[in-house]
Ligand SMILES: [Ca+2]
Ligand SMILES: [Ca+2]
């Protein structure tokens with residue numbers, strides 16, 4: 001297919017997607033698709049210590065202390081977990097083997113979640129969302145906390161760089177404020193770009209739950225970033241934090257956490273069920289997933 005024809009089709013896809021976003025669509029929370037590697041609906045009942053991976057890959061996570069306290073989720077269907085700053089074992093974890101890790105495309109991926117009430121005032125420098133903490137390879141997607149001063153509230157993505165193996169901790173979004181008790185859809189995408197080192201692209205998005213525009217709000221994009229060092233087997237995938245001693249937890253609530261292979265540019269943006277609609281229906285600002293045309 002010619003480049004021009006591909007570009008035309010991409011433009012058409014964008015137009016159709018935006019047109020779809022302008023309509024009221026009623027859809028349940030995320031469903032797994034061909035790009036989904038892990039998907040946590042986090043719909044477990046209060047007291048649960050395991051959360052099911054809805055991707056079909058079987059990467060269920062477990063905690064020693066239940067993070068499910070009965071708090072309501074973004075979509076009103078689930079019992080969203082909360083993790084506390086130093087929580088005594090509420091992080092949901094799983095050790096990943098080499099065959100497990102082969103499912104994760106660390107050259108091109110998207111991590112997204114619904115998040116509410118990150119801790120921006122008490123002690124702590126991170127609110128961990130999803131992370132892998134290996135001996136060599138690692139990544140962590142979080143919201144900066146109080147100890148980062150003016151950076152508190154920014155989305156943050158860190159990893160070990162492939163060229164030197166050194167920790168790289170300078171990727172962050174624009175400044176963000178968080179309204180108390182409001183759910184936000186937060187996203188980081190990573191694109192290693194060409195085979196050359198240090199030309200990766202990291203993009204952040206955040207939409208509040210009352211944003212019905214259907215358009216993902218980009219809140220930061222960094223080009224010329226180092227490539228990610230491959231993840232090493234035998235370490236843990238962590239939801240709700242990333243330190244093995246239970247520090248740097250997400251002190252608020254998380255829901256619908258997903259890793260997708262590929263750089264996504266549109267997302268499911270659920271807004272609360274209007275009072276006039278039957279319970280259980282969700283209005284979606286934008287439906288479907290679209291890999292970036294390139
Ligand atoms: Ca859920
Ligand atoms: Ca590259």
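Throughout, read-outs are computed from the coordinates displayed, never taken from laboratory work. These figures come from a predicted structure and were not determined experimentally. Glycine also receives a Cβ, built like all others from the backbone with ideal geometry; neighbour counts cover every protein chain displayed.
In table form, for the structure just shown:
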{"quantity": "Cβ-based exposure ranking for 108, 260, 122, in which fewest neighbours within 10 Å come first", "calculated": "122, 108, 260"}
{"quantity": "Centroid-to-centroid separation of the range 177-226 and the range 78-143 [C-alpha atoms, Å]", "calculated": "16"}
{"quantity": "Backbone N under 18 Å from the residue 147 label point (7 Å along Cα→Cβ), restricted to the range 226-267", "calculated": "240-252"}
{"quantity": "Computed E for residue 197/residue 233 - FRET, C-beta separation, R0 30 angstrom, nearest 0.05", "calculated": "0.85"}
{"quantity": "Residue exposure sequence - 114, 259 - by fewest surrounding Cβ within 10 Å", "calculated": "259, 114"}
{"quantity": "Where labels lie 7 Å past Cα in the beta-carbon direction, separation of residue 167 and residue 49 in nm", "calculated": "3.0"}
{"quantity": "Mean Cβ neighbour count within 10 Å, used as a protection proxy, ranking 215-226, 147-158 highest first", "calculated": "147-158, 215-226"}
{"quantity": "Order of 200, 78 - criterion: other Cβ atoms within 10 Å of each residue's Cβ, fewest first", "calculated": "78, 200"}
